[in-house]
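Computed from the coordinates by the stated procedures, all read-outs in this text should not be read as laboratory data. Not measured: the values here are computed from a predicted model. Positions of Cβ are backbone-derived with ideal geometry, glycine not excepted, and every protein chain shown enters the neighbour counts.
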Amino acid sequence: MQATAGLVYEQLQDMPKAEHAFAAAERIGRKDPTIQNSYAGFLCRTHKVAEGEKLFLKVSRDPLYLTPEVAIVNAGVCVHSAGDNITAEKYFRQALTVHPNMGEALLQLGNLLLERDDASQALVYVLRDLQLNPPSADALWLGFRTERKLGDEEAAAGYARRLKTDFPASDQARMLESGVVQ
């Protein structure tokens, strides 16, 4: 209940109440890794990266948490938001050792590699994700940007067509239509 209240307060931009609710939920649910994962996410979103990372890693080691790779990817996203790309890459790769088909880890790693101007390696992760998982707007958007970076306009156009056709209401399709390419 407290964790839900924390999410509601966060949506309402009342961060002191959100922090209080999440902290109370974490105290009450010290043995509940799902609550701890939610609280760690809040900590990261409020720029308490070291605390959030530490809690995500604690959750990932909890034998009661059935998806440790989720907490590991969350730790990677957390540290990446603070600019620590080396540690983020380590976490994304670690999550893939736990769950090799995990779309979120594949795409986070692909995005990180594209940011690092390693488009050919980013494409490896896009293609792997599309081979192993149902297509997503995120995967198609990353594929589009990666192929553009590699200079293959025909392949980029293919990703753009699929994005517009399969996910016309997505943020990615709107960015494509407006010409925003990150």
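Backbone phi angles across region 160-176, fed through the Karplus curve with coefficients 6.51, -1.76 and 1.60 (θ = phi - 60°), yield HN-Hα couplings of 4, 4, 4, 4, 5, 7, 7, 9, x, 9, 6, 4, 5, 5, 5, 5, 4 Hz in residue order; Gly and Pro are listed as x. Across region 1-102 the C-alpha pair distances fall into 10 Å bins from zero in the proportions 18, 45, 30, 6 percent. State the answer as a single residue: which of 83, 168, 178 lies farthest towards the positive end of the charge dipole of the chain, with beta carbon charges of +1 for Lys and Arg and -1 for Asp and Glu, about the Cα centre. About the Cα centre, the residue reaching furthest to the positive side is 83. The base-10 log of I(q)/I(0) for the chain, evaluated at q = 0.08, 0.14, 0.16 Å⁻¹, reads -0.30, -0.84, -1.00 [Debye formula, identical scatterers on Cα atoms, solvent excluded]. Mind checking the angle between helix 85-98 and the chain's longest principal axis? C-alpha axes, 0 to 90 degrees, to the nearest 10. Around 90 degrees separate the two axes. Listed by chain and number, the lysines whose alpha-carbon sits under 27 Å from that of residue 48, ignoring those within fewer than 8 places in the same chain, are 17, 31, 58, 90.
For the chain, set up a GNM with springs between Cα atoms under 10 Å and report which of 11, 36, 108 has the largest fluctuation. Ranking 11, 36, 108 by mean-square fluctuation puts 11 first.
Counting neighbouring beta carbons within 10 Å and listing from fewest to most, the residues 47, 20 come out as 47, 20. If you run the Gaussian network model on the chain, springs between alpha carbon atoms under 10 Å, then out of 169, 160, 18 the most flexible one is 169. What the phi angles of region 140-155 give under the Karplus curve with 6.51, -1.76 and 1.60, with θ = phi - 60°, is a coupling list of 5, 5, 5, x, 4, 5, 5, 5, 4, 5, 7, x, 9, 5, 5, 5 Hz, glycine and proline written as x.
Could you check which residue among 151, 103, 143 shows the biggest mean-square fluctuation in a GNM of the chain with a 10 Å Cα cutoff? Fluctuation is largest for 151.
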